[in-house]
Amino acid sequence: MKGKNAFSAVRLLPLLLAIFLAMPQYVSAKMTDEQVVSYVKQATAQGKSQQQIGKELLARGVTSDQVERLKARFESEQGAQTTTRHRR
């Protein structure tokens, strides 16, 4: 039994090492605000759910702070557009 566990650990170690070494590059791959907005528009046009889009953005290095900032900016712009339309 001890031999099997040692063998599995030896096989698993290179995979874990590869994942560990890839993480800094993966995490540092951050999208700009414009890239996020463009991505969301494209994904929405493709019929993806908000949940799926959120998962994909997280996988691409988008932070929750960036999402909140963009959401606030979008809501602010939408409010300004609504106010402008009502004034006409």
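The values are calculated or read from the model by the stated rules, or taken from the named source; none is laboratory data. These numbers were taken from a predicted model, which means no experiment stands behind them. SASA here: full protein model, heavy atoms, side chains in, ligands and nucleic acids out. Shrake-Rupley method; radii C 1.70, N 1.55, O 1.52, S 1.80 Å.
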Return yes when Arg88 is more than 12 Å from the chain's Cα centre (by Cα), at pLDDT 85 or above and of a type outside the set (S, T, N, Q) and no when it is not. no
Could you please find all residues in the stretch 39-60 being of a type in the set (S, T, N, Q), in a helix (DSSP H, G or I) and open to solvent by 100 Å² or more (accessible area, probe 1.4 Å)? Gln42, Gln50, Gln51
